[in-house]
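Pasting a structure below so you can have a look.
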Amino acid sequence: MADSLVLTGVKDVKKHTGTEMLLTRPKRGGDTHSLKEWWKTGANKCYVMCTVFNVTTAAGTVKLVLDASAGTNVRIDHDGSFNFTFYGINEVERAALFTEAYELIEHYVFPRISGGKVMTVTPPGGASRPNVIVPPTGVVTGASISDAGTGYTAGQNGVSVDGGSGSGMTINYGSDGDTINSVTVVDGGQDYVNNETVTVPGGNDDGELTVTV
């Protein structure tokens with residue numbers, strides 16, 4: 001998804017096209033937040049009054065901070081992945097991107113200071129943007145014995161299977177003293193294909209399972 005809005009002054013939001021950027025108000029009241037000068041290093045930092053947006057996606061929430069004033073006018077576009085583009089920048093010099101805990105990720109220097117394009121500054125040791133954790137696919141949820149094999153004299157636990165399209169699948173299996181007679185999936189791994197066959201190592205390496213994904 002993506003979002004776009006125009007900030008006028010310190011609190012007026014216009015032409016808002018989405019829901020990801022949300023203007024926040026300080027708990028103490030008022031329209032602006034008091035934050036230390038993020039563009040400076042060392043202990044001697046002053047506080048500046050800022051407009052703060054919570055920007056939320058499936059990955060999490062960050063804070064977009066602007067040193068806005070009564071004369072500010074700027075359009076902000078968000079690409080849905082915590083990357084921002086600024087247009088028509090008036091009466092605002094700086095902005096910054098923080099984590100939800102106000103750890104600095106990067107900051108932006110606008111043309112009023114840079115004299116040209118918007119400059120993006122990544123501080124040494126800066127925090128990272130939240131990332132969407134994509135769950136694995138092709139996870140095995142069950143397995144049936146398609147060939148009980150031979151030479152499996154005793155059951156084993158935590159056995160990594162061989163073959164198949166994926167990786168990481170482990171099982172516990174039981175034995176009747178020669179063949180496999182039961183199987184339990186311990187770790188379904190990932191990237192397997194439904195109904196494909198994997199081999200159980202041990203014995204004569206001829207025991208086979210058909211997986212369910």
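Say we look at region 150-191 and pick out the residues that are aliphatic (A, V, I, L, M) and within 38 Å of the chain's Cα centre (by Cα); which of these is nearest to Gly138 (Cα to Cα)? Spell out the reasoning first.
Step one: filter region 150-191 for residues aliphatic (A, V, I, L, M), giving 154, 159, 161, 169, 171, 180, 183, 185-186.
Adding the requirement that they be within 38 Å of the chain's Cα centre (by Cα) leaves 159, 161, 169, 171, 183, 185-186.
Numbers: Val159: 19, Val161: 15, Met169: 11, Ile171: 16, Val183: 19, Val185: 14, Val186: 15 Å.
Filtering region 150-191 for residues that are aliphatic (A, V, I, L, M) and within 38 Å of the chain's Cα centre (by Cα), the one nearest to Gly138 (Cα to Cα) comes out as Met169.
OK, next. Report whether or not Ser34 is touching a Cys at 6+ places or on another chain (Cβ under 8 Å), assigned to a strand (DSSP E or B) and not aliphatic (A, V, I, L, M). Please lay out each step first, then the result.
Values: touching a Cys at 6+ places or on another chain (Cβ under 8 Å): yes; assigned to a strand (DSSP E or B): yes; not aliphatic (A, V, I, L, M): yes.
Yes, satisfied.
A further question follows. Read through the list (1) touching a Gly at 6+ places or on another chain (Cβ under 9 Å); (2) surrounded by 14 or more Cβ atoms within 10 Å (Cβ to Cβ); (3) of a type outside the set (D, E, K, R), then give the number of the only condition that Met119 fails.
All conditions pass for Met119, except number (1).
Identify the residue in region 118-136 that is within 21 Å of the chain's Cα centre (by Cα) and among the aliphatic types (A, V, I, L, M) and, among all such residues, is modelled with the highest pLDDT.
Among those residues, the one meeting the criterion is Ala127.
Please determine, by comparing only the residues of region 192-213 that are under 38 Å from the mean Cα position of the chain (by Cα) and surrounded by fewer than 16 Cβ atoms within 10 Å (Cβ to Cβ), which one is nearest to Gly151 (Cα to Cα).
Pro201
Okay, next question. Of the residues Val13, Val52, which single one is more than 23 Å from Gly125 (Cα to Cα), at pLDDT 95 or above and surrounded by 13 or more Cβ atoms within 10 Å (Cβ to Cβ)? Walk me through it before giving the result.
Working: Val52 fails: more than 23 Å from Gly125 (Cα to Cα).
The conditions single out Val13.
Please verify whether Ser69 is of a type in the set (S, T, N, Q), without any contact (Cβ under 8 Å) to a residue 24 or more places away in the chain and not assigned by TED's automatic domain parsing to the domain that holds Ser160, treating the condition exactly as stated. Talk me through it step by step, then tell me what you get.
Numbers: of a type in the set (S, T, N, Q): yes; without any contact (Cβ under 8 Å) to a residue 24 or more places away in the chain: no; not assigned by TED's automatic domain parsing to the domain that holds Ser160: yes.
Considered against the rule, which asks whether it is of a type in the set (S, T, N, Q), without any contact (Cβ under 8 Å) to a residue 24 or more places away in the chain and not assigned by TED's automatic domain parsing to the domain that holds Ser160, Ser69 comes out as no.
Select the strands (runs of 3 or more DSSP E) contained entirely in region 72-117, then report the ones holding at least 1 residues which are outside the structural domain of Val48 (by TED's automatic domain parsing), closer than 19 Å to Trp38 by Cβ and modelled with pLDDT of 95 or more.
Values: elements: 73-78, 84-90, 94-99, 104-109.
So the answer is none; nothing clears 1.
Is there any pair linking a residue in region 104-124 that is touching a residue at least 40 places away in the same chain (Cβ under 8 Å) and over 10 Å from Arg94 (Cα atoms) to one that is of a type in the set (D, E, K, R) and surrounded by 13 or more Cβ atoms within 10 Å (Cβ to Cβ), with Cβ under 7 Å and at least six apart or on different chains, and which?
Hits for this filter: Ile105/Arg129; Val121/Glu106.
Being of a type in the set (Phe, Trp, Tyr) and crowded, with 20+ Cβ neighbours inside 10 Å is the requirement here; does Phe82 meet it?
On the way: of a type in the set (Phe, Trp, Tyr): yes; crowded, with 20+ Cβ neighbours inside 10 Å: yes.
In short, yes.
Still on this structure: For Ile180, all conditions in the list (1) under 30 Å from Leu64 (Cα atoms); (2) crowded, with 17+ Cβ neighbours inside 10 Å hold save one; what is the number of the exception?
Tallying (1) under 30 Å from Leu64 (Cα atoms); (2) crowded, with 17+ Cβ neighbours inside 10 Å, Ile180 fails exactly one: (1).
Does region 130-145 contain at least one residue that is closer than 30 Å to Asn73 by Cβ, outside the structural domain of Asn83 (by TED's automatic domain parsing), touching a strand residue (DSSP E or B) at 6+ places or on another chain (Cβ under 8 Å) and in contact (Cβ under 8 Å) with a residue 24 or more places away in the chain?
Within region 130-145, the subset closer than 30 Å to Asn73 by Cβ is 130.
From what's left, outside the structural domain of Asn83 (by TED's automatic domain parsing): 130.
If we keep only those that are touching a strand residue (DSSP E or B) at 6+ places or on another chain (Cβ under 8 Å) as well, we get 130.
Retained after the next criterion (residues that are in contact (Cβ under 8 Å) with a residue 24 or more places away in the chain): 130.
Within region 130-145, one or more residues are closer than 30 Å to Asn73 by Cβ, outside the structural domain of Asn83 (by TED's automatic domain parsing), touching a strand residue (DSSP E or B) at 6+ places or on another chain (Cβ under 8 Å) and in contact (Cβ under 8 Å) with a residue 24 or more places away in the chain.
For the structure I just gave you, tell me whether Val139 is closer than 27 Å to Lys63 by Cβ, at pLDDT 95 or above and under 31 Å from the mean Cα position of the chain (by Cα).
Working: closer than 27 Å to Lys63 by Cβ: no; at pLDDT 95 or above: yes; under 31 Å from the mean Cα position of the chain (by Cα): yes.
Considered against the rule, which asks whether it is closer than 27 Å to Lys63 by Cβ, at pLDDT 95 or above and under 31 Å from the mean Cα position of the chain (by Cα), Val139 comes out as no.
The values are calculated or read from the model by the stated rules, or taken from the named source; none is laboratory data. These figures come from a predicted structure and were not determined experimentally. Don't worry about glycine lacking a Cβ; one is built from the backbone with ideal geometry, like all the others, and counts go over all protein chains shown.
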